[in-house]
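Inspection log for the structure reproduced underneath, given as structure tokens.
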Amino acid sequence: MDTRLESVREIVLERNPGENEFHQAVAEVFSSLVPVLDKHPEFADASILERICEPERQIIFRVPWVDDSGQVQINRGFRVEFNSALGPYKGGLRFHPSVYLGIIKFLGFEQIFKNALTGMPIGGGKGGADFDPRGRSDGEIMRFCQSFMTELYRHIGEYTDVPAGDIGVGGREIGYLFGQYKRITNRYESGVLTGKGVTWGGSLVRPEATGYGTVLFTQEMLRTRNQTFDGQRVAVSGAGNVAIHAIAKSQALGASVVTCSDSSGYVVDEDGIDVELLQQIKEVERGRISDYAERRGGSVKFVEGGSVWDVDVTVALPCATQNELDEADAAKLVKSGLVAVAEGANMPCTSKAADIFHDAGVLFGPGKAANAGGVATSALEMQQNASRDAWTFEYTEERLTDIMVGIHDRCAATADEYGKPGNYVVGANISGFVKVADAMLAQGVI
Ligand code: GLU
């Protein structure tokens, strides 16, 4: 690695010990930056790299709450306000037992560049808690969200920091969080959170946006090779909000999605996943993927444990979680005829897996480009809130489509400009980084 990047990487490792996912996210961005530093020596002169890797603010707090049996429970809450060069900190909240500072920092770091790529005026941040929502009652979820917001409220605001959902945080949780914010502040400040219900300040298309956007981005990648979604055989991992809407959009464009998964295993449905049934089981009943196989019947197979990437497909959309697709999975997928991969989740492919896809000439859409439709539509929600307006589904989807095509074209053009045609990792990293770095330079040493 280049000495300028290497010395900053060492500082990052030393300052953030044990935060492996954060180290991985930094290394992934740095891997694209040598030509940028050559072209823009002013970035290194102003220590942009060191500054961009150090969050502007990191908040860690206790979240006490009482469970249904009267027992006091303690979780740890986080909000990392990473970079506000382009706008208020923006990014989701993740409630999952695996959450610790390193996960929130990796997500917050990615968010800076993702948000820059959308072309919207939003900075980067992320938060969450090591809380496991699984098996918890509605009452427990509400009390947890209220306690979480009782600390978080003092740090956020429509011009300061605007959280939203991520894994374990959907419409229900945003409702409880918003209610508590409103109660504490005595303000109906719609723009303080996104992902709200459509009848009280939310945006149409926001629930669908991440999954739809991932498919729209993939469609643009396929277009560069004169291909379409029609007739593709698709594997989707995950069964949450991103996966469900990625499946729906892929099938609307004529593909057959044959898999989805959760932490217990995966299903193979050769007739194409029945999205309505999946949505009923996962979002309404909050059940398991094995229920899907049971209720759908026929030849649907449930595989306990195992990897969804064992199924042969032409398009892979990892929509579950970080590092869920490794080099062995990538090698296997390439061998069986894979054409395109797009990351619906954040950093689901290991860096070695991404290298294998690139070496094999497989189209590869990194998460910070491919899944940016979610946060971009959050920014559209902020626009609607600011103007006290509510747009139609059609208009909002049109805006999302334009944004995804714009991200694709920006990544492709940047990759061309830097001599790596077709490399969306290089295109996304450089295009996002330069935009943020230019703004940081203009705003002085802060
Ligand atoms: N959590 C989503 C992401 O990873 C969306 C964040 C938002 O809407 O602010 O981009």
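What residues have an amide H closer than 5 Å to that of R94, excluding those fewer than 5 places away on the same chain, when H is modeled at 1.01 Å from N in the peptide plane?
Those qualifying (amide H under 5 Å, at least 5 residues apart or on another chain) are G127, G128, A129.
Rounded to two decimal places and with Rh computed the Kirkwood way over Cα pairs, what is Rg over Rh for segment 181-227?
Using only Cα positions, Rg/Rh for segment 181-227 is 1.30.
Quick check: Cα centre of segment 1-52 to Cα centre of segment 157-171, how many Å?
28
For segment 66-120, go through all pairs of different Cα atoms, get the mean of 1/r, take its inverse, and jot down that Kirkwood value in Å.
Hydrodynamic radius (Kirkwood, Cα only) of segment 66-120 equals 13.1 Å.
Give me Rg/Rg_expected for segment 209-288, where Rg uses Cα atoms only and Rg_expected = 2.2 N^0.38 Å with N residues.
Relative to the 2.2 N^0.38 Å estimate, segment 209-288 comes out at 1.08.
What is the magnitude of the charge dipole of the chain about its Cα centre, with +1 placed on the Cβ of each Lys and Arg, -1 on the Cβ of each Asp and Glu, and no other charges, expressed in debye to the nearest 20?
The dipole magnitude comes to about 900 debye.
Taking the Cα centre of the chain as the origin and placing charges on Cβ (Lys, Arg +1; Asp, Glu -1), which of G202, V308, L338 is farthest toward the positive end of the dipole?
G202
How large is log10 I(q)/I(0) at q = 0.19 Å⁻¹ when the Debye formula is applied to the Cα atoms of segment 360-446, each weighted equally and without solvent?
Treating every Cα as an identical point scatterer, log10 I(q)/I(0) equals -0.93.
What are the trypsin sites (Lys or Arg not before Pro) within segment 356-446 that DSSP puts in a loop, where the Cβ has at most 13 other Cβ atoms within 10 Å?
R388
Which whole-number value in Å³ per residue fits the convex hull of the alpha carbons of segment 1-75?
Hull volume normalised by residue count: 117 Å³.
Give the Cα extents of segment 1-160 along the principal axes, in whole Å, largest first.
Cα spread of segment 1-160 along its principal axes, largest to smallest: 60, 33, 21 Å.
Using only the Cα atoms of segment 109-190, build the gyration tensor, take square roots of its eigenvalues as a ≥ b ≥ c, and label the shape rounded, prolate or oblate: rounded if a/c is under 1.5, else prolate if a/b is larger than b/c, else oblate.
Cα axes put segment 109-190 in the oblate bin.
Based on the alpha-carbon gyration tensor of segment 308-383 and its eigenvalue square roots a ≥ b ≥ c, which shape applies: rounded if a/c is under 1.5, prolate if not and a/b is larger than b/c, or oblate?
prolate
With N set to the residue count of segment 162-314, report its C-alpha Rg divided by 2.2 N^0.38 Å to two decimal places.
So segment 162-314 has a normalised radius of gyration of 1.18.
Please rank D166, D130, fewest neighbouring Cβ atoms within 10 Å first, as an exposure proxy.
Lowest to highest Cβ neighbour count: D130, D166.
List the trypsin sites (Lys or Arg not before Pro) within segment 145-193 that fall in a DSSP loop (any state other than H, G, I, E or B) and whose Cβ has at most 14 other Cβ atoms within 10 Å.
When the trypsin sites (Lys or Arg not before Pro) of segment 145-193 are filtered for loop state and at most 14 Cβ neighbours within 10 Å, R187 remain.
Between exposed chymotrypsin sites (Phe, Trp or Tyr not before Pro) in the chain, where DSSP calls loop and at most 16 other Cβ atoms lie within 10 Å, what's the longest gap?
Longest gap between qualifying sites, sites excluded: 189-446.
Only four residue types carry charge here, +1 at the Cβ of Lys and Arg and -1 at the Cβ of Asp and Glu. Report the dipole size of segment 275-336 about the Cα centre in Debye, rounded to the nearest 20.
180
Among DSSP beta bridges whose residues both lie in the chain, state the antiparallel percentage, nearest 5.
Around 55 percent of the beta bridges assigned by DSSP in the chain are antiparallel ones.
Could you go through segment 246-262 in sequence order and give the Karplus-derived ³J(HN,Hα) for each residue, using 6.51 cos²θ - 1.76 cosθ + 1.60 with θ = phi - 60°, rounded to whole Hz, and x for Gly and Pro?
Rounded to whole hertz, the list is 5, 5, 4, 5, 4, 6, 5, 8, x, 8, 10, 9, 9, 9, 7, 8, 9.
Taking a quarter of the surface of the convex hull around the Cα atoms of the chain, what do you get in nm²?
Average projection, Cα convex hull of the chain: 20.5 nm².
Tell me, what is the FRET efficiency for Q383 and Q58 to the nearest 0.05, using R0 = 30 angstrom and their Cβ-Cβ distance as r?
With a Förster radius of 30 Å, E is 0.60.
Using a Förster distance of 45 angstrom, determine the FRET efficiency expected from the C-beta separation of Q71 and S264, and round it to 0.05.
0.95
What does the C-alpha gyration tensor say about the overall shape of segment 297-446? Classify as rounded when a/c is under 1.5, otherwise prolate if a/b is larger than b/c, or oblate.
In terms of gyration-tensor shape, oblate.
Using the basic label-point model (7 angstrom from Cα toward the beta carbon), what is the N186 to R286 distance in nanometres?
With each label placed 7 Å out from Cα toward Cβ, I get 3.3 nm.
Rule-based calculations on the coordinates, nothing more; no lab input. Worth saying up front: this structure is predicted, and the values here are computed from it rather than measured. Backbone-built Cβ (ideal geometry, glycine too); neighbour counts: all protein chains shown.
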